[in-house]
Each structure stands twice: as structure tokens, then as C-alpha cells.
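Some notes on the structure that comes next.
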Amino acid sequence: MQPPQPRPEDYSLKETTPRLGGFMAAGDKRTSTYDLVEQMPYLYVRAVKAKDLHAKDGTGSCDPSVEIKLGNYRCTTRQFEKNTNPEWNQVFAFPKERIQSSYIEITVKDKDDFIGRVIFDLNEVPKRVPPDSPLAPEWYRLEGRKEGRVGELMLAVWMGSQADEAFPEAWHADAASVPSDGLASIRSKVYLTPKLWYLRVNVIEAQDLVPSDKCRYPEVYVKATLGNQSLRTRISASKSVNPMWNEDLMFVAAEPFEEHLILSVEDRIAPNKDEVLGKACIPLQNVDRRPDHRPVHSRWCNLEKHVAGDGERKKKDVKFSSRIHLRISLDGGYHVLDESAHYSSDLRATEKQLWKPSIGVLELGILNAQGLLAMKTKDGHGTTDSYCVAKYGHKWVRTRTIIDSFTPKWNEQYTWDVYDPCTVITVGVFDNCHLQGEKSKGNKDSRIGKVRIRLSTLESGRVYTHSYPLIILLPTGVKKMGEVQLAVRFTCYSLVNMMQLYSQPLLPKMHYVYPLSVTQLDVLRLQATHMVSTKLSRAEPPLRKEVVEYMLDVDSHMWSMRKSKANFFRIMKVLTPLVGTAQWFDKICEWKNPLTTVLIHLLFIILVMFPELILPTVSLYLFLIGVWFYRWRPRQPPHMDTRLSHAETSNPDEFDEEFDTFPTSRAHDVVRMRYDRLRSIAGRVQTVVGDLATQGERLQSLLNWRDPRATAIFVTFCLIAAVVLYVVPFRMVVLIAGLYVLRHPRFRRHGLPSAPLNFFRRLPVKTDSLL
């Protein structure tokens, strides 16, 4: 008996039917703005302050704190020292589905000693639904163990949902095991990325440089530094004390401008020795902002000469100063790319005055996840503390962390303004590895998976509720980490305005009027990604570097055999219809189906006799194809496709190569094997490229008299063709040529190429001149 075969992973997208926008109570017709998530009832307790507290020993001082007990839950506020009128203003949230008691007990303690308590019957707790105003707290008299006044406590207790204003900052009952210094890392937050600019430094010339060696021609270049970015010009061709460059250097700068631009003019004395001839420091606050391609005014900056003395750099008093001529601008007409242009979430220019009005709004409901795998071990068992991050435009959102759950429920909703439908929203799921505060320093949050949704594939106004597979690539292969359930709705304000955008350029005007090179864009994108990750990692709670880089696909430009195969087969799939059309036409010419061939003959004769019908016929044919395929239009948004990515067919060595560091850290024999494999693939590519060059050179050989007999034949043919085409009507020429191509097989030479093809293949090429 054969063992049972393991079930293949299900990487498909599943449509779900969650109960969105649930009611707070039976018969209650009010709904909240959270209509893309399931309502999650919570019991809220706000402990505001206390007054006139009396300690157990009868003294006037105590160290008060509030303890809230609800079934098995027990939580405590912070403790004050020697204070009879403390103010806590802390909120506690308990999920209704986990409440196992009919009352809640709120106790005020002096360290571990009992002062007094207040008990609430949960059936009497009021319900609140936003946009109602917050429930006003009230004073409650504390009941002590003995008769007499022991103090009062200001409280507010109500039943609400995750739409409540107090929800993000509340202490949640499922976070009881998280220490106080780790609580900040589990709360939901909204982040805004810094405003990024392209800084263009046009280095024109320098004057009156003073090199130390007057007996040699100086080899001068300019080095510009902005933070951790450093670029340099080429060595000036005019080797003099007045060098010229007229070269552009591009940087990425982030507001607020905390770093200055440092320019250093240096002289190459020896291969590894440079002399600083002068420096200039330029604050970015003083730099002109350029919204279009019109150049800004140039400026002259004095260079400060530095000499070394007593271990420090000191300024040297001189009678005159060397100068450098610059044109510096903050180019706001560009869009600073911090993610791949293929799935960018924002295409607007940096300068706000160039923005167009929004065309709609995007709403995202992050509902829950199912079947998450254990990401770490805690107390001898696997656990996952998951949270979601969504990125669209300048706005990043982070849900709260659900502690120790493989089926977390977030039910949080967020909105974004949409300025272009041809953009992509990215949602990632991560495991929080920083719950222990300072003890977690150095840990990295683990990736669970991510989802991309292109807005242009969504119908306006429709709510898409699907369960997306969370797929991640590991050195051992592809793995499904679970599923995340999302609800997405794209609402368009004006269909006309959105349709008009499809005729507009994808990027701002400056990208086409004053384009940047591909190499520049790649370098600038890496710098922009570094700036975004640095800024977001300084927030509280931080959105860490590994999270930002995974969301922005920083390593998407690295070599991967899997991606190369995927792109190759994408090209083949695009060319498949053309190959199919050629095969169909070949069958027509071979008269495989005589009836079809006769109909094609009739259609061809009609189009030749009435050429004004060609374009209408083609347009009508395309229209009918589009209408026919409307029946099979996609009903679901696209998702991560493992087959298209060749994630299931790649071998372990290809995955290991994809996850290798740069430069490589693998053993020499492994690197040698991969290099030989790459040489083999490059050899095939080299052959294809050589074949393309061969065909091009044969075309050139028609007229360059490389083969005098072939060129003479072609030139004579062109002369005869010119006479014939002048005498014979063009329609007759096309008709005769078409009928010749569609002639019956008995008039063909079976298996032999045609005479024009034979002539073309005999033309000379330059391969015989290659070494």
C-alpha cells in the first residue's frame, strides 16, 4: 500500500462573504464609518483620576493604583507615590467574545493594600456608537471594607467597538504578557513618509585655485556630499587653475532639510592621494526650488582653504578666495521613485502646486488572517504575534499586534485619496519580534507575506472581499504562510476625469522633458528607500528597516534565475498569439480547409477593391473580440501567482542563489558551478543576439556592394519594380501578390524555401570578420 501523497498547496484567491458593518445591537439601525470590517464589540474602562483617598493605616498619604478585574483578566494602572489625588487617564479594552463574567470589579489599592472598589453589572453598561461624543466620566464613591469614606474614583465604562477613538491607545486584554516598555510596539499607527526632492547640483567651473605644487598641471575634480550620499565629477579636461566641468550631480533630499551640501574641490596628486583645494558648505534651505525645466540662476561660492595643524583643521587667512560656479536647484517637477515603477503607489510630482485634484478614494478593510504558521518558539511551543502594514502613496498604516494567535482578527479600516488609478496598494503581514522592549533589541520582524492590488483592475464602487494567500520565498523554496482576508473598495468621484487620465503621461512632465538615465534612477531609488526607512524607523513605534525594505522591494533589481525564466516565458506568452496567427495563415496557404481559404480569398479581393473598408473592418474585428471576451472578464483582482513567478518549478539551488548576498558568501565550488551555468545561458543569449545582428547586416548588404553581384541583382530588381509599379495600378499589384501567396499547394515547391528568402540568406555578413 502506497503512503498517501501530500496535498498540494492551494495558492488560489478565494472570495469570502464576511459580515461587514455589523450592528451594535439587535434592531439598532445605526452603523459606523467602519463599513468594510466586521464589528468587534469591546468593553472599555477609562480610569481618569481619584480624590480624597485614605490609606489603610489612616495616614493621609498612599501609593495608589487601580486594578481592574473581569473574569480571568486582571490589569493594573501605573502606581503613584505619596499622592491622594492621582490622575491616570488610562483606557482598558476587553473583547466581548472573551468576557466570562457578568460584572466588572474596579479596585483602588495602596501598593498591595485594599482601599476601596466599584462594581458594575455588565448588563447595565451603556453602549456607544461613533460618531456619538465620548462618554463623560463620572465620580463613583469607593466602597471600603469598613463603613466610612475612603475616597472617590472618576470612571467611564461603556460598550463600544474598534471604531472608538480610545481604541488605538487602549491597553488590550490580550497584551497582558507584554511588558510596559513593549506596549508601544503593538499599537496601531499611521505614518507619513517625508517629502523627498531631487537635488540637482550643476558644477560649472572653478576659478583661482591654489594647488600646492605649482610645477604640474592640476587634475581637479569636485566631490559633493549630502549625508551618506557622495558623488564626484570627472577630472577636468582643462588642466589649469580655472577648471571647467558643466556636469550634473543628482541627490535625494528629505524635508525638513537637516543636512548641508558639502562641496570639496580636490586635486589628484597621485593614484591614491588627493589634495583638498577648498570646501564650501551650502544649506539646502537657501536652495531655489524649481517646478519645471527652466534653469535657476547660477551662483558663485567661496571655497575655504584648510590646512592641518596641531591635529585639527584650521582656516588659513588669505588675501583672496578661490571660487566655484554652481547652479543648484531642488527639482520639484519630478516624482521621487522609492519603489519600482511597475507597481508604484504614487506618481505625483514633489511640488504640491503641480498636483491635480484627487479622482476618488480607496478604502481598505484589514479583516483577519487564517492558518498562519508558527514564526518563533515561546515557552516550548510555536507562536506568532502578527500585524499588518499597508502602503499607498505617502501614507503607511500599521495595525495593532495580535498576541499569540494563528487566526488573528484586526478588523481595522483605512482610507487614502487616489490621484491615479494606475497605481498599486501593498499590504504586508509581519511577525512582531520586539514585544520584550529592551530585551528585543537587535531582533528583526519576520516576513509572513504580502499582497499587491492594482486599482485599475477594480470596478468603481464595488466591495471586493477575498482571502489572499500569503506566499513567501525561502532558500528552500516557495511556502504558503497562511491567508489574509481583505475588503477593498475604490470609489471614483468622476468617471470623465478618470478616463481623461488614461491619455495623460504616467509620470510628471519633467521625466520626459528633462529625463534622467536608467542608472541615475536606480541609484536615486536606493537612496530614497534608505531615507524613507531611516525616517520611519525613528517613529514611535518604529516601522523598522526590514519592514520598509520588504514593502518597497529593495532587492528587486538583483539577479535571479527564477525571475529570468519567468520573464522569458512572459515574452513567449505575449508572442504566442502572433505565432498562432502565422500558423493559421500557413494553413490557409496550404488549403487545409478549402472553404476557409475560399472565404479568405473573397475577403482579400473585397478589401483590395475597396481599400477604404480596411480600417473599419479591423476596428470592427477588434470591437467584436473585446465584446466576446467580456463574458470571461476577470471577476477577481490579481494576486501573487506562483506559476507565473516559476516559484514551484525552480530548484533549491536557484533559490539559494537568489537569496545569496552581494558580493557572494557561498563556497568557491558552488560559485564556480553557478558561474559555469550562467556562462552556458549567456552563450545562448549571445547566439540569439548574433542572429539578430546577422539579419540586420544582410539588410545593409543589399545596397552597400559588399557582394557586387547580389547588390546588382537587387538594384536591377528595384528599377524593374519601379517601372512596373508606375505602369500597373497599385490595386492590381496587391491583388496579384496576394493571390500568389495564397496559391494552391500544387503550384508550390514543397519543403523548399522561396527564391527571395534564398537570395536574402546568401547576402554577406560580418561574422567572418570576427575573431
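Report the semi-axes of the equivalent ellipsoid for region 161-320 in whole Å, largest first, where each axis is √(5λ) for an eigenvalue λ of the Cα gyration tensor. The partial results should precede the final answer.
Values: eigenvalues 475, 85, 37 Å².
Gyration-tensor ellipsoid for region 161-320: 49, 21, 14 Å.
Mind checking the alpha-carbon convex hull of region 352-552 and giving the volume per residue in Å³?
Per-residue hull volume (Cα only) is 152 Å³.
So for region 492-575, considering every pair of alpha-carbon atoms, how many percent are separated by more than 19 Å? Please list the in-between numbers first.
Working: 2302 of 3486 pairs.
Above the 19 Å cut-off, region 492-575 has 66 percent of its Cα pairs.
Can you tell me the Rg and the Dmax, both Å, for the Cα atoms in region 561-769?
In Å, with Rg to one decimal and Dmax whole: 25.2, 74.
Could you give the length gained on full extension between Thr649 and Ala176, defined as 0.36 nm per residue of separation minus the Cα-Cα distance, in nm?
165.8 nm
Could you run the Karplus curve 6.51 cos²θ - 1.76 cosθ + 1.60 with θ = phi - 60° over region 663-673 and give me ³J(HN,Hα) per residue in whole Hz, x for Gly and Pro?
Values per residue, Gly and Pro as x: x, 5, 10, 8, 5, 5, 5, 5, 5, 5, 5 Hz.
State the extension gain, in nm to one decimal, for the chain segment bounded by Glu219 and Glu105, taking 0.36 nm per residue of separation less the distance between their alpha-carbons. Present the calculation step by step, with values, prior to reporting the outcome.
Numbers: separation 114, 0.36 × 114 = 41.04 nm, distance 8.14 nm.
Computed gain between Glu219 and Glu105 is 32.9 nm.
What share of all Cα pairs of region 41-176, in percent, falls into each consecutive 10 Å distance bin?
Spelled out per bin, shortest first, that is 12, 45, 32, 10, 1.
Between helix 561-589 and the chain, what is the angle of the helix's C-alpha long axis to the longest principal axis, kept within 0 to 90° and rounded to the nearest 10?
40
How big is the Rg/Rh ratio for region 588-649, C-alpha atoms only, Rh by Kirkwood, two decimals?
Working: Rg = 19.4 Å, Rh = 15.6 Å.
Result: Rg/Rh = 1.24.
Give the percent of DSSP beta bridges with both residues in the chain that are antiparallel, rounded to the nearest 5.
Details: 145 of 152 bridges.
Counting DSSP beta bridges with both partners in the chain, the antiparallel share is about 95 percent.
What are the GluC sites (Glu not before Pro) within region 132-162 that DSSP puts in a loop, where the Cβ has at most 10 other Cβ atoms within 10 Å? Walk me through the numbers before you get to the answer.
Working: sites: Glu138, Glu143, Glu147, Glu152; in loops: Glu147.
Taking region 132-162 and a limit of 10 other Cβ atoms within 10 Å, the loop GluC sites (Glu not before Pro) found are Glu147.
So what does the Cα-only Debye profile of region 390-487 read at q = 0.10, 0.13, 0.14, 0.16 Å⁻¹, as log10 I(q)/I(0), no solvent term?
Normalising to I(0) and taking log10 leaves -0.34, -0.57, -0.66, -0.84.
Amide H to amide H under 5 Å from Gly278: which residues, 5+ apart in sequence or cross-chain, H placed 1.01 Å off N in plane?
Result for Gly278 returns Val265.
Give the accessible area for Tyr675 in Å² (nearest 10); use a 1.4 Å probe, count only protein heavy atoms, and leave out ligands, DNA and RNA.
Accessible surface of Tyr675 is approximately 130 Å².
If each Cα of region 552-618 is one equal point scatterer, what is log10 of I(q)/I(0) from the Debye formula at q = 0.19, 0.22, 0.24 Å⁻¹?
Normalising to I(0) and taking log10 leaves -0.87, -1.01, -1.06.
Considering amide H positions built from the backbone, and no H for Pro or chain starts, which residues 5 or more places from Leu474, or on another chain, come under 5 Å of its amide H?
Answer set, sorted by chain and number: Lys479.
Charges at C-beta only: +1 for Lys and Arg, -1 for Asp and Glu. How large is the resulting dipole of the chain about its Cα centre, in Debye rounded to 20?
Details: 104 positive and 88 negative charges, 541 e Å.
Rounded to the nearest 20 debye, it is 2600 debye.
In whole percent, how big is the carbon plus sulfur part of the accessible area of the chain, probe 1.4 Å, protein atoms only?
Carbon and sulfur together cover 57 percent of it.
Taking 28 Å as the cut-off for C-alpha to C-alpha distance, list the pairs among Lys565/Lys592; Lys439/Lys545; Lys376/Lys450; Lys195/Lys223; Lys444/Lys563; Lys69/Lys395 that go past it.
Working: Lys565/Lys592 36 Å; Lys439/Lys545 19 Å; Lys376/Lys450 19 Å; Lys195/Lys223 25 Å; Lys444/Lys563 26 Å; Lys69/Lys395 38 Å.
Where the Cα-Cα span goes over 28 Å, the pairs concerned are Lys565/Lys592; Lys69/Lys395.
Output wanted: per-residue J couplings in Hz (rounded whole) for region 729-745, from phi through Karplus 6.51 cos²θ - 1.76 cosθ + 1.60, θ = phi - 60°, x for Gly and Pro.
In residue order, the calculated couplings are x, 4, 4, 5, 5, 5, 5, 5, 5, x, 5, 5, 5, 8, 4, 5, x Hz.
Please work out how much length the chain gains when fully extended from Thr534 to Glu87, using 0.36 nm per residue of separation minus the C-alpha to C-alpha distance, in nm with one decimal. If you can, show how the numbers build up before the last one.
Details: separation 447, 0.36 × 447 = 160.92 nm, distance 3.61 nm.
Taking Thr534 through Glu87 to full extension adds about 157.3 nm, to one decimal.
What value in Å³ per residue do you get for the convex hull of the alpha-carbon atoms in region 77-142?
Working: hull volume 8.7 nm³, N = 66.
Per-residue hull volume (Cα only) is 132 Å³.
How many Å² of accessible area per residue for the chain, probe 1.4 Å?
57
Describe numerically, in nm with one decimal, the distance between label points set 7 Å from Cα along Cα→Cβ at Ile606 and at Gln79.
9.4
Normalised by the empirical 2.2 N^0.38 Å for globular proteins, what value does the Cα Rg of the chain take? Spell out each step's value before the answer.
Values: Rg = 36.2 Å, N = 771, 2.2 N^0.38 = 27.5 Å.
Normalised Rg, Cα atoms only: 1.31.
The values are calculated or read from the model by the stated rules, or taken from the named source; none is laboratory data. Since this is a predicted model, take the numbers as computed values, not measurements. Glycine also receives a Cβ, built like all others from the backbone with ideal geometry; neighbour counts cover every protein chain displayed. Please note that ligands, DNA and RNA were not included when accessible areas were found on the heavy atoms of the full protein model with its side chains. Shrake-Rupley method; radii C 1.70, N 1.55, O 1.52, S 1.80 Å.
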